[in-house]
Amino acid sequence: MNKYELAVVVNAKLEDEERAATIEKVKEYIARYGGTVTDVDDWGKRKLAYEIQKMHEAFYYFVHFEADSTCPAEVERHVRIMENVIRYLCVRQDA
């Protein structure tokens, strides 16, 4: 099992329930493809480095999980088409 970190940037215009549902959906995708979520860091609303879709702020989440090497590609495939996710990045963490 490898350790991964998935950074998810979520639309700032969403209500709290919608943001929570978005992150829960990401966690469900990880579990569906054999991963185990170990931690979720909520960094809150931050200013974006540059304007994305006419937005200047967004909510940042970092999801830490353990999974086989095939899981991140499958999770990214689903996260890519999620309407509320502005940007995402999944990286493998070294020991």
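The values are calculated or read from the model by the stated rules, or taken from the named source; none is laboratory data. A quick note: this is a predicted structure, and the numbers were derived from the prediction, not measured. Glycine gets a Cβ as well: all are built from the backbone with ideal geometry, and neighbour counts include every protein chain shown. Areas reflect the complete protein model, heavy atoms only, side chains present, ligands, DNA and RNA absent. Shrake-Rupley method; radii C 1.70, N 1.55, O 1.52, S 1.80 Å.
For the chain, the mean residue ellipticity at 222 nm estimated from helices alone is -8500 deg cm²/dmol, where every DSSP H run of n ≥ 4 contributes -39500 (n - 2.57) and the total is divided by all residues, rounded to the nearest 500.
Dipole size of the chain about its Cα centre, with +1 on Lys/Arg Cβ and -1 on Asp/Glu Cβ: approximately 340 debye, rounded to the nearest 20.
Fully extending the segment from residue 87 to residue 16 would add 23.7 nm, taking 0.36 nm per residue of separation and subtracting the current Cα-Cα distance. Computed over the chain, the range of Cα coordinates on each principal axis works out to 38, 25, 21 Å, biggest value leading. A full extension of the chain between residue 55 and residue 94 corresponds to an added length of 10.7 nm, given 0.36 nm per residue minus the alpha carbon distance. Of 50, 64, 38, whose Cα points farthest to the positive end of the dipole of the chain (charges on the beta-carbon: +1 Lys, Arg; -1 Asp, Glu; origin at the Cα centre)? Toward the positive end, the furthest listed residue is 50. Taking all protein chains into account, the per residue accessible area for the chain stands at 63 Å² (1.4 Å probe).
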